[in-house]
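Working notes, beginning with the structure itself.
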Amino acid sequence: MGQLVDGVWHSEWIDASWSGGVFLRPDSTFRDRVSADGSSGFAAEAGRYHLYVSLACPWAHRTLILRALKGLEPVISVSVVHPLMHDQGWSFGAAGAELPQGSTPDHLYGSAHLWQVYVKASPHYSGKVTVPVLWDKHTARIVNNESPEILRMLNSAFDALATRQLPDLYPLALQPQIEQWNERIYHTVNNGVYRAGFATRQDVYEQAVRELFDTLDVLEVHLSQQRYLCGRTITEADWRLFPTLVRFDAVYHGHFKCNLRRLIDYPNLWAYTRELYQWPGVADTVNHQQNKLHYYASHAKLNPTGIVALGPDLDWHQPHLREEI
């Protein structure tokens, strides 16, 4: 945890007491974009951009999924932080230390901590240091650190460089539906689990949990009648929901006390999540061990012993049968 103040790192735990016990996610700062034609000032070019991500972070996970679905691995390079987040925030592991499977050094600058990458881009930056980060190697700048916006760039800006064909995930005709689902799912599910987990008042926690499960109940009924959130066509709304669902039983159910029901107690949601997991390339972006290690061992105030849950033992390759919907 922690943040930069005028380019200097300050360690601190998430403090929700000042906001009445409510966890408030800060806005992202870097909001430029890559465009296919370069009109934005950042042209889509092979080898120019680099992603800084955490395998454990659901927001960063979205960008890895799109990179895999579009076959952009040869086009956009990646550095993966260590799953443990302590006083220095996201880090790359101690020099010479063995890294957990999937984590890497900072391939560009050999940084020990991600905050050093932020300071390299903006020496007097003040704010949180988050993933994902889309970095421009040509200008040594952060293009964007807002995951939905990076998702949109990966969906269309790099089409000429993609090695796999993927239908448009934000088609014009479905945009109103996509935005409605994104809005509800962000507040009650994606961020809802954090609102529950980091709440410091009982009533605030209970409200977050009830809103979360109200939405999961709605999704269960909806997905009994439609294969994807917007019907027959998979869209960005599905891939924005998936990273939370794939972590739900292993992390949020126990660690964040979102325990009214498990994902596997929802037959349609569970089958839907397995289908997305089984899409070509997606399973390789999921690291269940890093997910659990990050949450259980990083949040000392929530889990002082640092013991990482052993389970659950789920069969992600069980046939989903969603093609019958």
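The values are calculated or read from the model by the stated rules, or taken from the named source; none is laboratory data. All figures in this text were calculated on a predicted structure; none of them were measured in a lab. Note: ideal-geometry Cβ built from the backbone for every residue, glycine included; neighbour counts use all protein chains shown.
Annotation for region 171-180: at least one member residue is under 28 Å from R67 (Cα atoms), crowded, with 19+ Cβ neighbours inside 10 Å and out of contact with any Leu (no Cβ under 7 Å at 6 or more places or on another chain). In region 82-105, the residues that are not assigned by TED's automatic domain parsing to the domain that holds H61 form no Cβ pair under 8 Å with any partner that is of a type in the set (K, R), whether six or more places apart or across chains.
Regarding K292, is this residue surrounded by fewer than 16 Cβ atoms within 10 Å (Cβ to Cβ) and either among the charged types (D, E, K, R) or within 15 Å of R247 (Cβ to Cβ) (or both)? No, not satisfied. The helices (runs of 4 or more DSSP H) found entirely in region 210-298 that carry 2 or more residues being more than 28 Å from I150 (Cα to Cα) are 267-277.
Hey, which of the helices (runs of 4 or more DSSP H) in region 141-209, taking only ones fully inside, have at least 2 residues that are among the hydroxyl-bearing types (S, T, Y) and modelled with pLDDT of 95 or more?
Working: elements: 147-156, 175-185, 192-197.
Once the helices (runs of 4 or more DSSP H) in region 141-209 are filtered for at least 2 residues that are among the hydroxyl-bearing types (S, T, Y) and modelled with pLDDT of 95 or more, what remains is 147-156.
One line per residue, one yes/no per condition, for (1) more than 25 Å from V34 (Cβ to Cβ); (2) touching a strand residue (DSSP E or B) at 6+ places or on another chain (Cβ under 7 Å):
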position	(1), (2)
H138	no, no
A157	no, yes
A160	no, no
T163	no, no
P167	no, no
Y186	no, no
V193	yes, no
L219	yes, no
L229	yes, no
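Residue selection: V218 fails the criterion of being modelled with pLDDT of 95 or more and either buried (at least 20 other Cβ atoms within 10 Å of the Cβ) or not assigned by TED's automatic domain parsing to the domain that holds K301 (or both).
Quick test for you: out of H288, H255, pick the one residue that is under 16 Å from the mean Cα position of the chain (by Cα) and assigned by TED's automatic domain parsing to the domain that holds Y186. Before the answer, list the steps.
Values: H255 fails: under 16 Å from the mean Cα position of the chain (by Cα).
That would be H288, the only listed residue that is under 16 Å from the mean Cα position of the chain (by Cα) and assigned by TED's automatic domain parsing to the domain that holds Y186.
Within region 12-55, the residues that satisfy the criterion of being among the β-branched types (V, I, T) and modelled with pLDDT of 80 or more are T29, V34, V53.
In region 74-95, of all residues being surrounded by 20 or more Cβ atoms within 10 Å (Cβ to Cβ) and in a strand (DSSP E or B), the one that is nearest to the chain's Cα centre (by Cα) corresponds to V80. With respect to (1) surrounded by fewer than 22 Cβ atoms within 10 Å (Cβ to Cβ); (2) assigned to a loop (DSSP other than H, G, I, E, B); (3) of a type in the set (S, T, N, Q), the lone exception for Q116 is condition (2).
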